[in-house]
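**Q** Structure provided below as structure tokens; questions to follow.
What follows is calculated from the coordinates using simple rules that are stated; it is not laboratory data. Keep in mind that what you see is a predicted model, and the values were worked out from it rather than measured. Virtual Cβ from ideal backbone geometry, glycine too; neighbours counted across all protein chains shown.
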Amino acid sequence: MIYPGVYRRTPSLWFRLHSTYVRKMRYLFDLKEDDDICRQAQNSGTFYLFHNLSPFLQKVGSKYLAPQISAVEMKSTLGKLKHNEQMIENSVLIGCSDACMAYFALDLGFLEKSVIESELKGSFTELRKALFQLDGKDRPLLSSAQALLRWHDTHQFCSKTGQPTQKNVAGSKRVCRTSGIIYYPQMSPVVITLVSNGSQCLLARQAAFPKGMYSALAGFCDVGETLEETVRREVAEEVGLEVESLWYSASQHWPFPNSSLMIACHAIVQPQQTKISMNKLELEAARWFSLEEIEEALKRGPKPLKQENQSVSLCLPPKWAIAHQLIQEWVKQQASKPA
Ligand SMILES: NC(=O)C1=CN([C@@H]2O[C@H](COP(=O)(O)OP(=O)(O)OC[C@H]3O[C@@H](n4cnc5c(N)ncnc54)[C@H](O)[C@@H]3O)[C@@H](O)[C@H]2O)C=CC1
Ligand SMILES: [Mg+2]
């Protein structure tokens, strides 16, 4: 832990004055701003590993974990595989513990995958699959780690001069030394809206979704739009309906296909104007669902069931997707309505 100014002589005062959360945020700020502090942290921190953007998992009993590899173990593994331990400088900062131990993510795509898997006794697993296998706390960490690693991989050159860009040690930015342009990791804002007509909710599916899966309407914000304008435009564009009112629910970082900030809203359309006119270029199907249908699908879980007529039953996005949270909230709202 690095204590600023006067607190270097009186670290206990620093601890008394700040909550764990504030200490963590101040420490992360220091790591992003000061390359030397971050380099020191790389020698005492822990590493989440990736291979070509797939996270490394280990099976412990019946559970899967994303192991944190210590700096010592990381350097020794790189040494065994005949690589310079300086490679850890390619890592990016993704967080820290309550005790201010820094977490980094490192992509070992430059090494043979099977060699690392047998050396560290685990496997690199495609992120979407890994998110289904992991417990709660590692999911957001691995999602943002992958997004950050992907951003660095695709921003190696300045788009003005064509010259290479250099990452700072934490990986919170890249700089072109020729033009002086600083590039910061990007996220695209996306609105995701659960439309209701008062008694039913509207879900839609794209052709690429898993069989039977329906979700809330989602769409990227256009430049210059407000959140409210995007909700109204996307609902009009995708299902031909006009939103009467809307309210914000929550947000979530989403790593697929790039890095998005999902901003989740509920919207109501006028009860007398609910006829769906689906945009076939964007969607494969869209329809209204009753509370009973949604409750049954929530009970069944994320896997679709084959029905007698060979069609598959409705299945909803996984619990960790914000679309699921919107649907759960809608069910609660319906239950709390006066009969
Ligand atoms: N976390 C969750 O619960 C859910 C997340 N999503 C995510 O929401 C995102 C947006 O949903 P869509 O219906 O696909 O959006 P959309 O309705 O805006 O259509 C996608 C199209 O928008 C255009 N587009 C405009 N700006 C773009 C940008 N910055 N990046 C990529 N394409 C851009 C492209 O032509 C693309 O084909 C998807 O990436 C999807 O993964 C979707 C449903 C649930
Ligand atoms: Mg869409």
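**Q** Could you list, in their original order, any pairs among LYS32/LYS75; LYS129/LYS280; LYS32/LYS319; LYS63/LYS121 whose Cα atoms are separated by more than 26 Å? Mind showing how you got there, number by number?
**A** Numbers: LYS32/LYS75 22 Å; LYS129/LYS280 29 Å; LYS32/LYS319 32 Å; LYS63/LYS121 14 Å.
Cα-Cα > 26 Å for LYS129/LYS280; LYS32/LYS319; rest within.
**Q** Can you list which of the trypsin sites (Lys or Arg not before Pro) found in region 6-63 are DSSP loop residues with at most 12 other C-beta atoms within 10 Å?
**A** On the way: sites: ARG8, ARG9, ARG16, ARG23, LYS24, ARG26, LYS32, ARG39, LYS59, LYS63; in loops: ARG9.
Those satisfying the criteria are ARG9.
**Q** Using the Cα gyration tensor of region 230-300, with a ≥ b ≥ c the square roots of its eigenvalues, what is the shape: rounded (a/c below 1.5), prolate (a/b larger than b/c) or oblate (neither)?
**A** Note, shape of region 230-300 comes out rounded.
**Q** Applying the Karplus parametrisation 6.51 cos²θ - 1.76 cosθ + 1.60 with θ = phi - 60° to the phi angles of region 278-287, what ³J(HN,Hα) value in whole Hz is obtained for each residue in order, glycine and proline being reported as x?
**A** Result, rounded to whole Hz: 7, 7, 6, 6, 9, 10, 9, 7, 8, 7.
**Q** Using the Cβ atoms and a cut-off under 12 Å, what net charge is assigned to the surroundings of ASN168, where Lys and Arg are +1 and Asp and Glu are -1?
**A** Around ASN168, the surrounding residues sum to 0.
**Q** 5 Å is the cut-off here: which amide hydrogens, built 1.01 Å from N in the peptide plane, fall below it relative to LEU57, excluding neighbours closer than 5 in sequence?
**A** Under 5 Å from the amide H of LEU57 lie the amide H atoms of SER123, PHE124, THR125, each far enough along the sequence or on another chain.
**Q** Please list the non-local residues whose amide H lies under 5 Å from the amide H of ALA285, H modeled 1.01 Å from N, same-chain partners needing a gap of 5 or more.
**A** Correct list: ARG205.
**Q** Modelled label-to-label distance, ASN258 and GLU284, 7 Å Cα→beta-carbon offset: nm?
**A** My value for the distance between the label points is 2.5 nm.
**Q** For region 241-283, what is the relative contact order in percent, using Cα pairs closer than 8 Å and at least 6 residues apart in sequence? If you can, show how the numbers build up before the last one.
**A** Values: 52 pairs, mean separation 19.0, N = 43.
Relative contact order, region 241-283: 44 percent.
**Q** Label-point separation (nm) for GLN156 and MET25, each offset 7 Å from Cα along Cα-to-Cβ?
**A** Between GLN156 and MET25, the label points sit 3.7 nm apart.
**Q** Also, quick follow-up: Pick out, from TRP151, ALA285, GLY198, the residue whose Cα sits farthest towards the positive end of the charge dipole of the chain, with +1 on the Cβ of Lys and Arg and -1 on the Cβ of Asp and Glu.
**A** TRP151
**Q** Another one. Would you mind counting up the charge near HIS152? Only other residues with Cβ under 9 Å from its Cβ, with Lys and Arg at +1 and Asp and Glu at -1.
**A** +1
**Q** Could you check what % of the DSSP bridge pairs in region 185-339 are antiparallel, to the nearest 5?
**A** 70
**Q** Report the antiparallel proportion of the DSSP beta bridges in the chain as a percent, rounded to a multiple of 5. Could the numbers behind the result be given before it?
**A** On the way: 42 of 57 bridges.
Once the DSSP bridges in the chain are tallied, antiparallel ones form about 75 percent.
**Q** Would the chain count as rounded, prolate or oblate if I go by the C-alpha gyration tensor, calling it rounded below 1.5 in a/c and otherwise prolate when a/b exceeds b/c, oblate otherwise?
**A** Verdict is prolate for the chain.
**Q** Also, I was wondering about something else. Quick one: what are the phi-derived ³J(HN,Hα) couplings along region 140-153, Karplus 6.51/-1.76/1.60 with θ = phi - 60°, whole Hz, x for glycine and proline?
**A** x, 5, 5, 5, 6, 4, 4, 4, 5, 4, 5, 4, 5, 4
**Q** Nothing charged except the Cβ atoms of Lys and Arg (+1) and of Asp and Glu (-1): what's the magnitude of the dipole of the chain about its Cα centre? Round to the nearest 20 debye.
**A** Result for the chain is approximately 900 debye, rounded to the nearest 20.
**Q** Using the beta-carbon distance between LYS82 and ILE268 and R0 = 51 Å, what value does 1/(1 + (r/R0)^6) give for FRET efficiency, to the nearest 0.05? Spell out each step's value before the answer.
**A** Values: r = 62 Å, r/R0 = 1.22.
It comes out at approximately 0.25.
**Q** Cβ under 12 Å from LEU281's Cβ, LEU281 left aside: what net charge do those residues give with Lys, Arg +1 and Asp, Glu -1?
**A** -3
**Q** What percent do you get for the relative contact order of the chain when only Cα pairs under 8 Å and 6+ apart count?
**A** 13 percent.
**Q** Nearest 500 deg cm²/dmol is fine: what mean residue ellipticity at 222 nm does the chain get from its DSSP H runs of n ≥ 4 alone, each adding -39,500 (n - 2.57), divided by its residue count? Provide the component values of the computation, followed by the final result.
**A** On the way: 10 runs with 108 residues, N = 339.
My calculation for the chain gives -9500 deg cm²/dmol from helical runs alone.
**Q** Classify region 189-339: rounded, prolate or oblate, from the alpha-carbon gyration tensor (a ≥ b ≥ c, eigenvalue square roots; a/c under 1.5 rounded; otherwise prolate if a/b is larger than b/c)?
**A** Rounded is the answer for region 189-339, as its axis ratio a/c remains below 1.5.
**Q** Still on this structure, please answer the following. How large is ³J(HN,Hα) for each residue in region 60-71, as worked out from phi by the Karplus curve 6.51 cos²θ - 1.76 cosθ + 1.60 (θ = phi - 60°), to whole Hz, x for Gly and Pro?
**A** Karplus values, whole Hz, x for Gly and Pro: 10, x, 9, 9, 9, 10, 9, x, 9, 8, 5, 4.
**Q** Remind me, relative contact order of region 20-153 in percent, using alpha carbon pairs under 8 angstrom and six or more residues apart?
**A** Here the relative contact order equals 31 percent.
**Q** Loop-only check: which GluC sites (Glu not before Pro) in region 248-325 are DSSP coil with at most 10 other Cβ within 10 angstrom? Numbers along the way, then the final one.
**A** Numbers: sites: GLU282, GLU284, GLU292, GLU293, GLU295, GLU296, GLU308; in loops: GLU282, GLU284, GLU308.
Within region 248-325, the qualifying GluC sites (Glu not before Pro) (loop, at most 10 other Cβ atoms within 10 Å) are GLU308.
**Q** Taking Cα centroids, how far is region 89-141 from region 268-316 in Å?
**A** Distance between centres, Cα-based: 36 Å.
**Q** Can you list the GluC sites (Glu not before Pro) in region 112-186 that are in a DSSP coil and have 13 or fewer other beta carbons within 10 angstrom?
**A** When the GluC sites (Glu not before Pro) of region 112-186 are filtered for loop state and at most 13 Cβ neighbours within 10 Å, GLU112, GLU126 remain.
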